[in-house]
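The values are calculated or read from the model by the stated rules, or taken from the named source; none is laboratory data. Computed from a prediction, not measured in an experiment: that's the story for all the values here. We work out accessible area using only protein heavy atoms, side chains counted, and drop any ligands, DNA or RNA first. Shrake-Rupley method; radii C 1.70, N 1.55, O 1.52, S 1.80 Å.
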Amino acid sequence: MKGLFAKDFSILNLRHIPLILALLTITGFFSILPWFSLVLAAIVTGWTTSTITTDQLDNGWPALFVFPISRKQYVREKYILALLGANGFGMLAGLGSCLLWHLDAAQSQIVFAEVFALSALLTSVLIPVLFRWSSSGADKAVFILGLACVFGLKLIQPANPVVPFVFSPGIVALLVLVSLGLIAGSYALSIHILQTKDL
């Protein structure tokens, strides 16, 4: 598994992503809107899951599985990479926004819960799509999900967009539990897809 992380970090390094992410995270600290962290989480999820497409290039999967790596380990590493990356940068930017806007504990909770929920939703959709239909299918999924998120935010946006919605602790906990359920179901589906693929 350590080798898979090293491989993916080298792929991401080649794309100068660490520098871009650092700049975006710094921008998050000075963001006018606390939900900038959601945008950052979505970008990072897209970048980290794109390593699957890179692995597939030039008959890469058959070559990769020559090494002592199981398909289950490969799937697990992709989920860990996507969720840790998106939540790490997204929550760091969210923390900056919470401090900047002096949000109270309830408002801060929902900012962090939304970052986790969005990263879980995108990861849960993108990884199985990439395993099943490769990059062409993922592009369509990203486009459709992106449109749905934009229209969804427009529909539920409060009159004052600087202050996020404040839900009860029970609703926040439910949001996190549903997100965990999505990840678990998606993880099982991804393993099934990759196990049945003829590589």
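Numbers for the structure displayed
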| quantity | calculated |
| --- | --- |
| Residue-normalised accessible area of the range 64-119, given per residue in Å² at a 1.4 Å probe | 44 Å² |
| Under 18 Å from residue 72, Cα to Cα: aspartates and glutamates that are on another chain or at least 8 residues apart | 8, 55, 198 |
